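Let me begin by presenting the structure, written as structure tokens, before commenting on it.
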Amino acid sequence: MSGYEMMDKEEIYSKVLRAGRRTYFFDVRATKAGDYYLTITESKKFTNDDGSFHYKKHKIYLYKEDFNEFRDILAEMTDYIINEKGQEVISERHQKDFKREDDFVAQEAKTPEDTNTDSFTDISFDDI
């Protein structure tokens, strides 16, 4: 294995930000010439109907020549959002006890006749 391949495999510097279903990885890597660049990876967990799960990942490569402009635009955009909407998170989806509106509609639409407890498959795990 060449020196570059070894350097690429080795962690130069890394940080992780866990944010609910998303995890952000900030990794310093090396170019073939030995210079450093930054990768930002968003990893989002998705759960399948059968209970298994998978991750979708999106990656950004950021090189030194773009750092200043990237930093300036990121600061401008985040400042704009905070100035316009404040610090408080107003999206219900980010609340720990969030339930989709579909869930409420489905529960309200049920009548006693709809609830059959004779079959094992009709058990609601929300009741446990």
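Since every read-out is calculated from the coordinates, none of them should be taken as a lab result. Bear in mind that the values here come from a model prediction, so they are computed numbers and not experimental data. FYI the Cβ positions are ideal-geometry reconstructions off the backbone, even for glycines, and counts take in every protein chain you see.
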What is the gain in length, in nm to one decimal, between K59 and E76 on full extension, counting 0.36 nm per residue of separation less the C-alpha to C-alpha distance?
3.9 nm
Give me the distance in nm between label points sitting 7 Å out from Cα along the Cα-to-Cβ direction at S52 and T31, one decimal.
4.1
Kindly write out, for region 35-49 in residue order, the coupling ³J(HN,Hα) from the Karplus curve 6.51 cos²θ - 1.76 cosθ + 1.60 (θ = phi - 60°), rounded to whole Hz, with x marking Gly and Pro.
7, 9, 9, 10, 10, 10, 10, 9, 10, 10, 8, 10, 9, 7, 4
Taking amide H positions as placed in the peptide plane 1.01 Å from N, state which residues far from T31 in sequence (5 or more) or on other chains have amide H under 5 Å from it.
Y36, Y37
Short version: ³J(HN,Hα) in whole Hz for each residue of region 75-81, in order, from phi by Karplus 6.51 cos²θ - 1.76 cosθ + 1.60 (θ = phi - 60°), x for Gly and Pro, what are they?
5, 4, 5, 5, 4, 4, 4
If you take the beta carbon distance between L17 and E84 as r and set R0 to 25 Å, what does 1/(1 + (r/R0)^6) give as a FRET efficiency, to the nearest 0.05?
0.60
